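All remarks here apply to the structure that follows.
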Amino acid sequence: MAIERIFPSPNPGTAPYWKAARQHQLSLPKCQACGKFHSYPRSQCPFCSSDKLEWTNCSGAGTIFSYTEVFRAPSKAFAADLPYIVAIVELKEGPHLMTRLVTNDNASVRIGQPVTVAFDDMDEETSLPVFKASQT
Ligand SMILES: [Zn+2]
């Protein structure tokens, strides 16, 4: 029996994120008053409280802020991927995202390492943003 993957459940506050991801763009709310991006999505800017927010594509570039290597799957859906890296990526635009780091060399992962967004096409409707080491 195949193990079902766990899919995101978009809601009105996160649907733009998932719609952009399906188009292989990383999009986050950007405050039109102070110019800062933020994540997770909120109805007001966490820096200046403005409600003038606009979903804006990010560069997809960032660095590894922190990471861990997972050796015990939280569910059977992840068992085939062990061991894998879960990272917090600091985007060039500022926000931190918790994400999967796709690599075939877990031992080479380092804090501060440049990474770039990539997309895992889970099915015909859903693409999951992940990150991989930047090509230098
Ligand atoms: Zn703001």
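Any read-out appearing in this document is the output of simple, stated calculations on the displayed coordinates, not a laboratory observation. All values reported here derive from a predicted model rather than from experimental measurement. Here the Cβ is made from the backbone with ideal geometry for all residues, glycine too, and neighbour counts use every protein chain on show.
Here are the numbers:
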| read-out | value |
| --- | --- |
| Criterion (touching a residue at least 12 places away in the same chain (Cβ under 8 Å) and closer than 21 Å to Ser9 by Cα) met by exactly one of Val70, Val117, Val89 | Val117 |
| Condition met for Cys34 (surrounded by 12 or more Cβ atoms within 10 Å (Cβ to Cβ), touching a Lys or Arg at 6+ places or on another chain (Cβ under 8 Å) and free of Cβ contacts under 8 Å to residues at least 60 places away in the same chain) | no |
| Check on Phe119, aromatic (Phe, Trp, Tyr), closer than 18 Å to Lys132 by Cβ and more than 16 Å from the ligand (Cβ to nearest atom) | yes |
| Residue that is nearest to the chain's Cα centre (by Cα), among those in region 46-105 that are surrounded by fewer than 16 Cβ atoms within 10 Å (Cβ to Cβ), of a type in the set (D, E, K, R) and away from the ligand (no atom under 16 Å from the Cβ) | Lys92 |
| Test: residue in region 20-43 that is over 19 Å from Val89 (Cα atoms) and in a strand (DSSP E or B) | yes |
